[in-house]
Amino acid sequence: MTHPNKSHDIPHQGHHAGRIDKLIQEFEHDPYHPAAKPPEPAQCPVCGAVFHEGRWQWIEAPQGAHRVKCPACRRVRDHLPAGYLTLAGPFVAQHRDEVMHVVHHHAQRERAEHPMDRIMTIEPQKDGLLITFTEAHLARGTGEAVHHAFQGKLEFHYVEEDPALRVTWRR
Ligand SMILES: [Zn+2]
């Protein structure tokens, strides 16, 4: 005998399953994503930042805080910047201290407010300096601060297959 339910439609799973796969891929692609929230309260054993009320803060660690390495310290450990700022051109060579003063001033102010916003490395390049950051928006904001202080030309771009933001300032 035929089963009475055999004519039931097979659920259309294809589209839905594809969406979930994409979300998983996106999540795995960025293990530093803020959605990967640690248990609360948590303290980073490297920098001391405390995860409290859904965000990382520079506060005293509550008793019994979990030890969880923060996303910024993980990026430093993995040498995986979220943003790059290249400062290039003759003006950079001639006014390096003034330019770097603006860079550090901006970055320190942001770090004080947002513990995950940090400069990772500063490396000399053939035509200037390369600065790497733990957050893309800090690379952008620092580039904008330099642009605001010294004019010149500011550009943003992405490289294929890499979620990190590339910012170039030239003068
Ligand atoms: Zn940390």
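The values are calculated or read from the model by the stated rules, or taken from the named source; none is laboratory data. This is a predicted model, so every value here is computed, not measured. Positions of Cβ are generated from backbone atoms using ideal geometry, with glycine treated the same way; all protein chains shown enter the neighbour counts. Just the protein is used for accessible areas: all its heavy atoms, side chains included, with ligands, DNA and RNA removed. Shrake-Rupley method; radii C 1.70, N 1.55, O 1.52, S 1.80 Å.
Gln57 is checked against (1) at pLDDT 95 or above; (2) open to solvent by less than 60 Å² (accessible area, probe 1.4 Å); (3) touching a strand residue (DSSP E or B) at 6+ places or on another chain (Cβ under 9 Å); (4) within 11 Å of the ligand (Cβ to nearest atom) and fails just one. What number does that condition carry?
(4)
Six or more apart or on different chains, Cβ under 9 Å: which pairs go from a residue in the range 48-70 that's within 20 Å of Arg118 (Cβ to Cβ) and outside any loop (DSSP other than H, G, I, E, B) to one that's polar (S, T, N, Q) and within 10 Å of the ligand (Cβ to nearest atom)? Could you list them?
If the second residue must be polar (S, T, N, Q) and within 10 Å of the ligand (Cβ to nearest atom), the pairs left are Val50/Gln43; Phe51/Gln43; Arg67/Gln43.
Got at least one residue in the range 125-133 being of a type in the set (S, T, N, Q), closer than 15 Å to Val167 by Cα and crowded, with 21+ Cβ neighbours inside 10 Å? Please lay out each step first, then the result.
Within the range 125-133, the subset of a type in the set (S, T, N, Q) is 125, 132.
Keeping just the survivors that are closer than 15 Å to Val167 by Cα gives 125, 132.
Add one more test, that the residue is crowded, with 21+ Cβ neighbours inside 10 Å, and what stays is 132.
Within the range 125-133, one or more residues are of a type in the set (S, T, N, Q), closer than 15 Å to Val167 by Cα and crowded, with 21+ Cβ neighbours inside 10 Å.
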